[in-house]
Amino acid sequence: MATRTQAREAVIGMLYAYDLGNKDILDIARSMFEEKKIKNKQQDFAFLLLQGAITNLQSIDEAIIPYLKEWDFSRLGGMEKAVLRLGAYEILYTDTDSPVVINEAIELGKMYGGEDNTPRFLNGVLDALSKAHRQTSKEAQDSKIESTSLDSLSQNVNKDKGRDK
């Protein structure tokens, strides 16, 4: 039975193929997963990752770019791009813990990265993205709590006004 790491490995290969122009990758993804012995829950997991990453590709790329520092996104290697996109998708759109996502990206970078510093580069970009996402999520949650509290307070005040009459 395949592991989630193997599922992610298959997904980055398909994201790489998609980036090279194979826009029909979703149509053949399940059969490709079968060939790689990725079945059942792991296949569903892999397909959701692939579909989610492709569907949200533009927003994922936009989220990655600010954390590249002195790198130009278009000049990144294809596999590095695929690993970053998958990692960013998981950080931004799934409940998988960021340390797990980043560790998986580092391991995939060691296997497929074009340079020795690829794992460190992937770690830096995804860690910065994760921290920014956590901060944004916390601020949104705090705002939601504050808004809910104000709505509740307003409703209580209005109830009290109704009793005074």
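Observations on the model:
- Magnitude of the charge dipole, the stretch 33-83, Cβ model with Lys/Arg +1 and Asp/Glu -1, debye to 20: 260
- The stretch 1-69: mean projected area of Cα convex hull, nm²: 4.9
- Kirkwood estimate for the stretch 4-155, i.e. one over the average of 1/r between Cα atoms, Å: 16.4
- The GluC sites (Glu not before Pro) of the stretch 20-114 that meet both conditions, a loop assignment by DSSP and at most 10 other Cβ atoms within 10 Å of the site Cβ, are E70.
- Charges were assigned to the Cβ only: +1 to each Lys and Arg, -1 to each Asp and Glu. The resulting dipole of the stretch 1-141 about its Cα centre is roughly 240 debye.
- Legend: residue pairs K39/K110; K36/K131; K39/K81, Cα-Cα distance threshold 30 Å; pairs beyond threshold, K36/K131.
- Using a simple spin-label model with pseudo-atoms 7 Å out from Cα toward Cβ, K23 and T3 lie 3.7 nm apart.
- Ranked by the mean number of other Cβ atoms within 10 Å of their residues, highest first, the peptides 2-9, 71-78 come out as 2-9, 71-78.
All of the numbers you see were taken from the coordinates with simple rules; none came from a lab. In this text the structure is predicted, and so the values were computed from the model without any measurement. In this analysis, Cβ positions are derived from the backbone assuming ideal geometry, glycine residues included, and neighbour counts consider all displayed protein chains.
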